[in-house]
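Only one structure is covered here, and it is reproduced in the block below.
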Amino acid sequence: MVFTGIQGAKSRYGLEMTPVGLLVTDTTTSQRIQVVLVKQRKNNTEDKW
């Protein structure tokens with residue numbers, strides 16, 4: 001199978017990793033928000049924002 005693109009609506013939010021952390025941009029309002037890394041539970045090694 002060959003797929004030429006992803007179907008569906010364009011994402012409302014843009015994600016950008018900066019040296020300070022993750023920066024989220026709302027594409028409809030152009031508002032930028034610096035998000036915070038949450039505390040990890042148990043043996044989970046994956047970062048959650």
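What follows draws every value from the coordinates through simple rules; no lab data is involved. Model, not experiment: these values are computed from the prediction. Using ideal geometry, Cβ is built from the backbone for each residue, glycine included, and neighbour counts are taken over all protein chains shown.
Looking at the chain, I'd like the Rg to Rh ratio, where Rg is from alpha-carbon atoms and Rh is Kirkwood's inverse mean 1/r.
On the way: Rg = 15.2 Å, Rh = 13.5 Å.
Taking Rh as the inverse mean 1/r over Cα pairs, Rg/Rh reads 1.12.
Phi-derived couplings, Karplus 6.51 cos²θ - 1.76 cosθ + 1.60 at θ = phi - 60°, listed residue by residue for the stretch 26-34: 7, 6, 7, 10, 6, 7, 10, 10, 8 Hz, with x used for Gly and Pro. Amide H contacts of L22 (H built 1.01 Å from N, in plane; Pro and chain starts excluded): V35 sit under 5 Å, all sequence-distant by 5 or more or on other chains. The trypsin sites (Lys or Arg not before Pro) of the chain meeting both criteria, a DSSP state outside H, G, I, E and B (loop) and at most 13 other C-beta atoms within 10 angstrom of the site's C-beta, are K10, R12, K39, R41, K42, K48. Backbone geometry of the stretch 10-23 corresponds, through the Karplus equation with coefficients 6.51, -1.76 and 1.60 at θ = phi - 60°, to 3J(HN,Hα) couplings of 5, 5, 7, 10, x, 10, 9, 8, 10, x, 7, x, 8, 10 Hz, x marking Gly and Pro.
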